[in-house]
1. Starting from the Cα gyration tensor of segment 211-251, multiply each eigenvalue by 5, take the square root, and state the resulting semi-axes largest first in whole Å.
2. Can you list residues whose amide H is under 5 Å from Ser26's amide H, if they're 5+ apart or on another chain and H is modeled 1.01 Å from N?
3. Calculate one ³J(HN,Hα) per residue across segment 193-205 by plugging θ = phi - 60° into the Karplus curve 6.51 cos²θ - 1.76 cosθ + 1.60, and present them in order as whole Hz with x for glycine and proline.
4. Just to confirm the filter: which chymotrypsin sites (Phe, Trp or Tyr not before Pro) across segment 246-338 are DSSP coil and have at most 10 other Cβ within 10 angstrom of their Cβ?
5. By the gyration tensor of its Cα atoms, with a ≥ b ≥ c the square roots of the eigenvalues, what is the shape of segment 376-435: rounded for a/c under 1.5, prolate for a/b over b/c, or oblate?
6. With everything on Cα atoms, drop me the angle between helix 27-37 and the longest principal axis of the chain, reported from 0 to 90° to the nearest 10.
7. Taking the chain as a Gaussian network, where each spring joins two C-alpha atoms under 10 Å apart, which residue of Val309, Val167, Val131 fluctuates the most?
8. Nearest 500 deg cm²/dmol is fine: what mean residue ellipticity at 222 nm does the chain get from its DSSP H runs of n ≥ 4 alone, each adding -39,500 (n - 2.57), divided by its residue count?
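Every read-out reported here was derived from the displayed coordinates using simple, explicitly stated rules and does not represent laboratory data. Predicted model only: the values in this text are computed from it and were never measured. With ideal geometry, Cβ positions are generated from the backbone for all residues, glycine too; neighbour counts draw on all protein chains shown.
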Amino acid sequence: MRLLTFTIAVQLTAAALAQDEPRALSLASAVELALEQNPSLAAMREELPAAVARLRMAQAEGRLSASTHTYLSTGTMLNTVPSPDAVMPRMYMGVPAGSRVDQNVTLMVPLSTGGRVASRARAAAAGQRAVEQDIESMLLEVAYMVRAAYWEALYRAEMVQVQEESVNEQRERLRVDQAKYDAGKIPLFYVLRDKAELADAEQELTDAQRDAEAALLDVRAAIGLPLTAPLQLTDALQYDPAAADPNAEELAAQARTNRPEVRALAARVEAAQREVAARKAAYRPQLDAMLMFDAEKASGMGLDGGYTVGLVGSLPLFDGGERKAGVAEAEAMARKLERDQEALALRIERELRGALLDLAAANRNVRTALEAEASAEEDHRVAAVGYDAGKLINLEAVSALAALVQARTNVAEARFEFNLATDAVRRSAGALPEP
């Protein structure tokens with residue numbers, strides 16, 4: 001097996017190359033850095049404080065609330081003036097004729113909400129757990145994305161080295177054949193063929209260098225680094241035959257329990273079921289305890305004040321079907337999420353088994369490519385010796401080199417696909433890819 005270790009140093013300008021030292025970056029450190037700096041992951045993490053705030057808001061509905069209201073009024077008739085909707089508890093003040101100043105403080109605590117507050121709080125807690133699992137899912141996705149970009153960059157770097165070796169050999173053959181032609185030992189078309197082959201090889205090298213630089217751009221973007229940051233990737237493409245035959249049934253069972261998407265959706269199902277209970281609570285009696293302190297001064301009268309203590313019980317009678325429709329909506333959403341669970345289970349198992357098929361194929365391809373590379377290297381060696389000895393024509397030497405370049409390309413591509421498939425299997429099972 002031909003295993004190469006590459007150090008990639010790509011800079012976009014000569015000035016940057018002169019001023020900045022490339023950052024050495026292993027695969028493990030690339031993943032670790034991405035989990036700290038990836039902007040999509042950072043954005044997802046901001047959803048957790050929002051979920052915590054929603055839980056606190058739901059819990060606050062069952063706690064003591066207080067408000068104060070000031071009324072300044074004048075008129076010629078009795079009236080009732082409500083306080084603004086946004087201030088709770090609300091106050092409805094009976095305003096007499098004449099001028100009046102009133103100041104009050106109202107305290108209210110719910111004694112029974114028919115289970116509405118408790119259900120909403122449990123729904124919000126389940127929603128928070130769902131967000132936490134969404135973040136875990138994004139962690140896995142970012143880790144996989146960074147590793148995939150890293151493998152791609154290593155693969156493209158191998159392509160650069162393969163093409164550089166091809167260009168160097170073509171140049172040397174052209175130099176030697178030019179000397180032979182000048183000495184009258186070979187025909188001109190040998191030299192012309194060498195020049196054409198060298199031009200093709202140089203074009204392939206240029207394309208490979210472009211692809212390598214583009215792959216490094218993907219690495220930087222996946223991590224969240226500036227796109228001009230100089231990097232050195234210090235790992236190499238790997239091939240571990242032991243990783244090519246995992247237990248499919250164990251992985252499927254692991255995926256059904258370990259995938260964060262599964263846990264997130266289970267939490268959302270629970271939240272939807274709690275919301276159904278909260279909607280049904282609207283059919284039950286609601287009971288609040290209240291305490292109000294009041295001070296007022298009306299025209300022609302002195303300062304007066306006092307307090308009121310009481311219980312306020314409420315039971316809705318008719319609402320035109322609003323409560324029934326609200327319950328039906330919540331139940332439908334709960335059923336929809338349950339169906340989503342079934343669809344997710346199928347999608348996850350399909351994803352896992354597809355990744356296992358890719359891994360098996362990649363494993364076979366690596367072995368085949370390694371065998372073909374060994375044959376191509378020997379054929380190239382024999383062809384080079386035969387051509388130098390004058391026993392083979394130029395075309396045979398050129399063809400042997402082309403076969404060797406293709407074989408080395410196939411090995412690099414097969415190892416790249418093997419590493420990618422290995423990570424895809426782990427990701428499908430809900431495991432963070434190992435460094």
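1. On the way: eigenvalues 203, 36, 15 Å².
The answer is 32, 13, 9 Å, longest axis first.
2. Answer set, sorted by chain and number: Thr234.
3. Each residue of segment 193-205 in turn: 5, 4, 5, 5, 5, 5, 4, 4, 5, 5, 5, 4, 5 Hz.
4. For chymotrypsin sites (Phe, Trp or Tyr not before Pro) across segment 246-338 that sit outside H, G, I, E and B with at most 10 neighbouring Cβ atoms in 10 Å, the list reads Phe318.
5. Working: a/c = 7.90, a/b = 5.11, b/c = 1.55.
It is prolate, given that a/c is not under 1.5 and a/b is the larger ratio.
6. The angle comes out near 30 degrees.
7. Maximum among the listed residues: Val309.
8. About -22500 deg cm²/dmol.
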